[in-house]
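Heads up, the thing below is written out as structure tokens.
Bear in mind these aren't lab numbers, they're just calculated from the coordinates by the rules spelled out. Here the structure is a predicted model, which means the values were calculated and not measured. Note that we place each Cβ from the backbone using ideal geometry, even for glycine, and neighbour counts take in every protein chain shown.
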Amino acid sequence: MATTLPAPSAATDPADQPRAFWLAWASTLLFFAGFYALLVPLPRYLSGIGLPDWQVGLILGAFGVASVLGRPVAGIAVDRLGSRPVLLVGAASLIVGAGGVVFTAQPLVLGALRLAQTVGYVAFTTAGTALVLELTPEERRGRQMAIFGAAANTAITLSPAITSLLLEYAPLGYGFFAASALALVAGLMAASIRPLARGARASGGRYTIGTVATVLWPSMLTAFVFGAGFAAFFLFAPILSERRGMPAGLPYTVYGVGIILTRIFGSRWLDRVGTGATLILSAVLIIVGLLVAAFAYSPLSLGVAAVLAAAGGGLFHPALIVHHARMLPGAPGQSTAGFYLGFDLGIGLGSWLFGAVLDLFGLTWLYVTGAALIGLTLPLTALLVRWQPAMLAQSPSAGLAHQAPAG
């Protein structure tokens, strides 16, 4: 018997759906503003209390490992408990994880607080994305996911800069208190979202890890490759700027504005064009952007690279999330977790790969390698839109139904 996702209109009053969506959007904006506010004071605090560089790196790096391990747990929790409780756990974890930093100088305690920050990030992002999937009919999911994603993009564009300005006039600890305060308001907003009456909630939780992996691996592998390409541009842009004598903040500012505009003005296009065409266009834009970055020696060329990377990123992210949800109906939490697990692994492993390429061959080849890696999404897209739906249709043991064409 096929598992189907309950229609959003049957889960909640249609009049309440826009309110719930915008509450989720606003709470996500504030949560990410708090989370990204930690980018500025946390490394400075860890160094300022005298921790050696290796301990600073270990504490900061714990985020990547913990986020990967926490995704499946968060996805299952959302499908079994609903989105709102997991949102509240996420907000509470960030409140404690951020606000507790200033009260200790013990490396083990600081590591535990970093893990709490990670739990907050994983829980809130997984539950918020799943909630929007639940609220939105499939024919409008591309647009809604794009607009929803603009909340986090707005936060990362503004929050570090505002925090830096705040800390010019206030003690370092105020940065952590500001992060906690923003997470508190985000949690209060999330608490006001009316729970969805999901009578079939438990059906999503019955998928085994093996079933999820079998169904989602082409989509997750595609997310992995896109994540690696994101790492090539986003994580190494400051090194590119510094070594080629350009403003360090330029790529981030241009990228942030570009991806927000892409999500806003390109969102309607996502629901009119198939997943395959969207992913191919995204890949081409990012490939060209990375190649421009490889040979960028002026602010103008670096700005063009950032615009192209942002346009590609603004399209593939919502398209792939919607595709994951389509492939695993009835389990928005686990489908969302599958996307983020692939994407986060791509960022982490991609950063290691590109660091080695940078050390051995230099900046130009770093970005050329990134472009070549993104090129792998082109055959993966064919697998994703042709083979994956056919696999679902021919696999009664999976107990799944492919609901709409992906191509």
Show me the helices of the chain, taken as full DSSP H stretches, that run 18 Å or more along their long axis by Cα and average -1.0 or above in Kyte-Doolittle hydropathy.
17-37, 53-81, 83-99, 107-135, 141-167, 173-191, 209-234, 250-270, 275-294, 299-327, 332-361, 363-375
Round to the nearest 0.05 the FRET efficiency obtained for residue 383 and residue 108 when R0 = 35 Å and r is the Cβ-Cβ distance.
0.20
Which order do the peptides 164-174, 110-120 take when ranked by the mean count of other beta-carbon atoms within 10 Å per residue, highest first?
110-120, 164-174
Subtracting the Cα-Cα distance of residue 272 and residue 217 from 0.36 nm times their residue separation yields 17.3 nm
Relative intensity, log₁₀ I(q)/I(0), of the stretch 74-127 from a Debye sum that treats every alpha carbon as a point, q = 0.13, 0.24, 0.28, 0.32 Å⁻¹
-0.32, -0.78, -0.93, -1.10
At q = 0.11, 0.13 Å⁻¹, what is the base-10 log of I(q)/I(0) for the chain according to the Debye formula with one equal point scatterer per Cα and no solvent? Please give it to two decimals.
-0.79, -1.12
Given a cut-off of under 8 Å on Cα pairs at least six residues apart, what relative contact order in percent is computed for the stretch 89-176?
29 percent
So if I take the centroid of the Cα atoms in the stretch 299-324 and the same for the stretch 63-140, what is the distance between those two points in Å?
25 Å
Using Cα springs under 10 Å in a Gaussian network model of the chain, which residue among 294, 105, 337 shows the largest mean-square fluctuation?
105
Towards the positive end of the charge dipole of the stretch 207-407, with charges on Cβ (+1 Lys, Arg; -1 Asp, Glu), say which of 238, 277, 208 has the farthest Cα.
277
To check my understanding: the extent here is largest minus smallest coordinate of the Cα atoms along each principal axis. What are those three numbers for the stretch 1-206, in Å, largest first?
59, 34, 24
More than 14 angstrom apart: percent of Cα pairs within the stretch 127-190
69 percent
Mind checking which of 72, 17, 367 is farthest towards the positive end of the chain's charge dipole, using Cβ charges of +1 (Lys, Arg) and -1 (Asp, Glu) about the Cα centre?
17
What list do you get for 252, 297, 367 if you sort them by fewest beta carbons within 10 Å?
297, 252, 367
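By count of other Cβ within 10 Å, fewest leading, how are 357, 304, 132, 122 ordered?
304, 357, 132, 122
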Determine the dipole magnitude for the chain: charges of +1 sit on the beta-carbon of Lys and Arg, -1 on that of Asp and Glu, nothing else is charged, the reference point is the Cα centre, and the result goes in debye to the nearest 20.
560 debye
Sorted by mean Cβ packing within 10 Å, highest first, what order do the peptides 238-244, 212-218, 177-183, 320-326 take?
320-326, 177-183, 212-218, 238-244
If I model a spin label at residue 140 and residue 53 as a point 7 Å from the Cα along the Cα→Cβ vector, what separation in nanometres do I get?
5.3 nm
Candidates 360, 383, 235, ranked by Gaussian network fluctuation over the chain, Cα under 10 Å, top entry
360
